[in-house]
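The values are calculated or read from the model by the stated rules, or taken from the named source; none is laboratory data. Just so it is clear, the model here is predicted, and its values are computed rather than measured. Backbone-built Cβ (ideal geometry, glycine too); neighbour counts: all protein chains shown.
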Amino acid sequence: KKKGGGRWEEPKTHKMTFFPLIFCFQVSALGAEFSSESCRELGFSSNLLCSSCDLLGQFNLLQLDPDCRGCCQEEAQFETKKLYAGAILEVSFVRSDKPKLFKGLQIKYVRGSDPVLKLLDDSGNIAEELSILKWNTDSVEEFLSEKLERI
């Protein structure tokens, strides 16, 4: 910016400009798990692995760690052999009668959302939540066969 006497002056930046942005990333409920919707709003994928959160320090992004931990899934969750009481399959459409094969499976249509599978405990609470964006129909059916009772 040119000042009256022909000198150039650096524009003044205010440190407060960045405060709201940093504050947004730091607001979180420590130790709480967030819903897939909340995680999407924070910019995290619903299939985020907790090992990815370990890498934030390499990029000077440690302020994102609490939210990352609230949205991530441990790798071990994919290996469990537990049978669940039910599941909610959130999709934009279903082209098959296969959902009728599983006891306790509910289909919830959510326009414009990535497909998500929510596994329910005996009380109907969400025990696990998985992104199934890149899964094909056979993979979903096989996974549900391991996690739900067939009719």
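Check Glu146 against each of (1) of a type in the set (Asp, Glu); (2) in contact with a helix residue (DSSP H, G or I) (Cβ under 7 Å, 6 or more places away or on another chain); (3) exposed (fewer than 13 other Cβ atoms within 10 Å of the Cβ) and name the one condition it does not meet.
Result: Glu146 fails condition (2) only.
How many of the residues making up region 45-55 are at pLDDT 85 or above and surrounded by 17 or more Cβ atoms within 10 Å (Cβ to Cβ)?
So the answer is 1.
Which number in (1) at pLDDT below 90; (2) within 16 Å of Lys147 (Cα to Cα) marks the one condition that Lys118 misses?
(1)
Report yes if some residue within region 98-114 is without any contact (Cβ under 8 Å) to a residue 12 or more places away in the chain and surrounded by fewer than 17 Cβ atoms within 10 Å (Cβ to Cβ); otherwise report no.
The first filter runs over region 98-114 and keeps only residues without any contact (Cβ under 8 Å) to a residue 12 or more places away in the chain, leaving 99.
When the remaining residues are screened for being surrounded by fewer than 17 Cβ atoms within 10 Å (Cβ to Cβ), the result is 99.
Scanning region 98-114 turns up at least one residue that is without any contact (Cβ under 8 Å) to a residue 12 or more places away in the chain and surrounded by fewer than 17 Cβ atoms within 10 Å (Cβ to Cβ).
If you take the residues of region 81-97 that are closer than 24 Å to Asn125 by Cβ and of a type in the set (Lys, Arg), which of them is surrounded by the fewest Cβ atoms within 10 Å (Cβ to Cβ)?
Lys81
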